[in-house]
Amino acid sequence: MKKILRRLIPKTLRSKSSLAIILTAAVLVELTNGVQYLFAKRGIQNEVEHRAKSELRAKSLEIENVTTAIEVAVNNMVWAVEAELANPENIPNITRMLLENNEQIVGAGVTFVADYYPKYGHWCELYVARRSNGDIEAEQIGGPDHDYLQSSWFSGAIAANEGYWSDPYYDEKGARMTLCSYFAPVHDQNGQVVALLGADVSLDWLSELINAKQIYPSSFNLLLSRTGQIMACPVESLVMRRNIEQVTADMSDTTIDYINREMMAGHSGKATVHDDDGKKNYVFYAQMDDDTGWSMAIVCSDYEIYYTLRQVRFNLFLLMLIGMALLGYIIWRATKNAIRLQAVNTEKERIGSELHIASEIQKSMLPKIYPPYPERDDVEIYGSLVPAKEVGGDLFDFFIRDEKLFFCIGDVSGKGVPASLVMAVTRSLFRTVSAHEASPERIVAQMNDSMAQTNDTNMFVTMFVGVLDLPTGRLRYCNAGHCSPLLIDSEQPETAAMKEEAQDNQRLSTINCVSNLPIGIIPNYKFEGQELFVHTGSTVFLYTDGLTEAEDSMHVQYGEDRMMTQMKKIDASKPQDLIEHVTAAVHAFVGDAKQSDDLTMLAVRYTKKQLDVRLKRDLTLQNDIAQVPLLAQFVEEVCEEIGLDMSTTMQMNLALEEAVVNVMKYAYPHGIVGNIHIEAQASDVRLKFVISDNGTPFDPTAKAEVDTTLSAEERPIGGLGIHLVRKIMDSINYERTRNKNVLTLRKKINNQ
C-alpha cells in the first residue's frame, strides 16, 4: 500500500502535513457529501409531498368543477319540476333541458315516492337518456324490474332532504353504463318531499382524469367512493368490481388498513407502506369532494423517488476516491444552482404569462363596448374596473331583458387568483339566475344559496343588484353588504348658459339600503329588497370600497366625504365623463402610492323622454272568452284613429288577443269572475297597450325563448303564445305592482 501511495502522491505531498490535509479534505468532502445527501433527500421528500398535494388539489378542483356544475344545473331546475307536479307529462321536457344544456349529463329523471301518480302504478320514474348516437329518449322506467324504492340512493336522498350524490353503480335500465348520480329533493305545496330530480354522470371522464398524468413513471393514482368501491386505478379489472378492503386483505403491512380507514372517513394525510417484497412506498391521500365523499390516493415508489439522488452520491464518492471529489463537488453544485436558477426564472416567466392570460380572460367577462345600447334613448351606461393586481376580485355587469335593465356591482373578499375565480363564478351566476328571474332579492338569494353550499374557502361577495324598469323608471334593488350607491337627481339643462347653474343645483344623495349579509356566508338567508323611482335625467353611481379606501403615501384614505365633495363638482350628464373625472381625482389624491385595492365604478343614467299622448282609450273586460270580439273592436278603433294600415292592425289584434286570452284563462281560479283592464296610449312615436288584472301573480316574460327550429315533438309544450307576441310587438314588459299583474306591449309607429 505504501508503494502504491508513493507512486500516486507527488513528493511535495508526501509529508505528514500534506497527507493530513488530503485526508482531512477527503473526510470533509465525505461529510459534506453526507450532509448534502441528507438535505437533498429531505428536499426531494418535501418536493414529492408538495407535488402530490398539488396533484390532489388539482384533481379535486377539476372534479369539483364538474360536480358543482351538475349541482347548480339540477338545483336551478327543481323549481320548474315543482311547478309542473300537477302536469307529469310536462316533466320530461324539463329533464330534457338538463341534457341539452349540460354535456356531462347522460341521463336525468324525476323519481317519485310510491304511488304518487296512481295512473303510473306503484313506481314512477320519468327518465330521459342521451344515447350513443346523440338522440335523447324519454320513458317511464319505474317498475318491478327497476324497483328504485329499494335502492340505497333513493332512501339516502329522501332522508337527506338536500342535494345528494349517490355511490357509483351500473345502470342497466336507464343510461346503460357506469354512473354516479346527483339528486335534489322536490317538494309539494306542503313542503313534503315527493320526488327526486336526478342527473346521471358517466364515470368515463373520471378514469381519463385520474390516469391522465403521473408524478413518476411507476407511480399510480387510486380513486375510491365513500364506501370504498374502486372507481379508478391502473388495473381496469378492479374498477367497479371490488372494493379496497378486498384488494388489500392479503397484504402483510397493517399500515394499509389504517390508510383504508382514513380514506373511508374522508381524511387527508400521508403514510409509508411496504409491499410483500419489502419495497418501500409512499401513499398520499385526500378527499376529493365533500358532497360526493370520493377520496384519491397517489402511490410513489421510494426507489424511484431517490434513484437519481443515490446515483449522484455514488458518483461523488467515486470522484473523491480519484482525488477530484472537491473540484467535482464544486462544479456539481455550481451546475445544479445554475439549473435551479434557470428553472426558477422559467417558472417565474410561466406564472407571469398565465397571470396575464387570466387577466385578459377576466377582462373579457366584463362589458367593454360603450355605448352598449346606442339604439336606445332611455338609458346611458358606463363602467370601469382597474385591478390592483394582475387579476382582481371586483365585478360589474349589466344587460337588458324585456325592457328591464339588470345591473350589478360586487367585491369579492380577498385578492389575487382566488378572488378572481370567485368573481368569475359570481358573474356567471348573476347572468344565469337573472335570465329567468326579475326580482333582485330572489336573484341575490339564489346566488347566495348556490355559493354558500360549496364555500369551503369561506370567501364572500358584497354585491348590489338592481333592476330598472325602463318604461317607468321604477328601480328595484337588493344590497348584499355592499357600499350604498349614490343617486344624482338633476334636470337636463335646456341651454348651454343654464348648464353651469343646473350642475350646481343637482341633488346628490345616498340610496337607502337595508343591511343584508354578503353573498356566500349563510345559505337560505332571507334577503330584503327595496325600490324607488328614478326621474328622467338622474344617474345611479355605484362603486366598490376601492374608491373610498384608496390611500396616499401617508396611508390617508380618500374617504366618503372627499368623494361626496368631488361628486358635487362633476357634471353627471354623461356617465363616461363622470367616471373618468372621479378616476382622475382619485389618482391625483393617491399620487405615487401603490394601488391597494381594485377600483370599480358603474354609472347608469336614466334618459327616457316623456312624449305627448295624442290618444288614450281604455276597455274593461271580464275573464270570459265570449268578450274577445269587444277587444277586437277596441283595437281596430284605436289603430284606425292613429292611422295604422290594415296589416299592422291585424297584427295588433292578434298580439292583444293572445295576451288577453291568456289572462282570461289563467289569471283567476276556475269559477271566479275577474276583470281585465286594457288601456291604449299613443304618441307620435309609439303605440302602447297596458293589460292589468288582479289575478294570480304570473310573469309571462320569464318563459324561455321558443326554439322554432325544433319539430313539434321535440319542442317543449307551451310558450308559443308569448313567442308570437314578442315577434309582433317591439317590446313587452311585465311588472307586479299594487297586487296587480301589469303587462305592457309597445309598438313603434310612423309619423302620420
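The values are calculated or read from the model by the stated rules, or taken from the named source; none is laboratory data. Predicted model, so just to flag it, every value in this text is computed and none were measured. With ideal geometry, Cβ positions are generated from the backbone for all residues, glycine too; neighbour counts draw on all protein chains shown.
Before moving on, here are some points about what is shown:
- Selection count, segment 388-417, where residues are under 18 Å from residue 607 (Cα atoms) and β-branched (Val, Ile, Thr): 1
- The set of residues from segment 269-308 being assigned to a loop (DSSP other than H, G, I, E, B) and of a type outside the set (Ser, Thr, Tyr) comprises 275, 276, 277, 278, 279, 288, 289, 290, 291, 293, 294.
- Within segment 621-637, restricting attention to residues that are within 14 Å of residue 655 (Cα to Cα) and of a type in the set (A, V, I, L, M), the residue that is surrounded by the most Cβ atoms within 10 Å (Cβ to Cβ) is 635.
- Selection status of residue 33, modelled with pLDDT of 90 or more, in contact with a helix residue (DSSP H, G or I) (Cβ under 9 Å, 6 or more places away or on another chain) and not assigned by TED's automatic domain parsing to the domain that holds residue 179: no
- Residue match in segment 529-538 (condition: touching a residue at least 40 places away in the same chain (Cβ under 8 Å), in a loop (DSSP other than H, G, I, E, B) and acidic (Asp, Glu)): no
- In segment 580-620, residue surrounded by the fewest Cβ atoms within 10 Å (Cβ to Cβ) [restricted to those that are part of a loop (DSSP other than H, G, I, E, B) and β-branched (Val, Ile, Thr)]: 613
- Residue that is modelled with pLDDT under 90 and part of a helix (DSSP H, G or I), where the choices are 494, 500: 500
- The listed residue being loosely packed, with under 14 Cβ neighbours inside 10 Å and modelled with pLDDT of 75 or more, out of 52, 58: 58
- With respect to the conditions (1) part of a helix (DSSP H, G or I); (2) more than 23 Å from residue 394 (Cα to Cα); (3) in contact with an Asp or Glu (Cβ under 7 Å, 6 or more places away or on another chain), residue 577 falls short on a single one, namely (2).
- Of all the residues in segment 403-417, those that are farther than 30 Å from residue 746 by Cα and surrounded by fewer than 24 Cβ atoms within 10 Å (Cβ to Cβ) number 5.
- Residue 615 meets the conditions (1) of a type outside the set (D, E, K, R); (2) within 40 Å of the chain's Cα centre (by Cα); (3) over 23 Å from residue 415 (Cα atoms) in every case but one. The failed one is (2).
- Yes/no for residue 66 being surrounded by 12 or more Cβ atoms within 10 Å (Cβ to Cβ) and over 30 Å from residue 271 (Cβ atoms): no
- Search result, residues across segment 382-400 that are touching a residue at least 40 places away in the same chain (Cβ under 8 Å) and closer than 26 Å to residue 743 by Cα: 398, 400
- Of all residues in segment 432-469 being modelled with pLDDT under 90 and hydroxyl-bearing (Ser, Thr, Tyr), the one that is surrounded by the most Cβ atoms within 10 Å (Cβ to Cβ): 454
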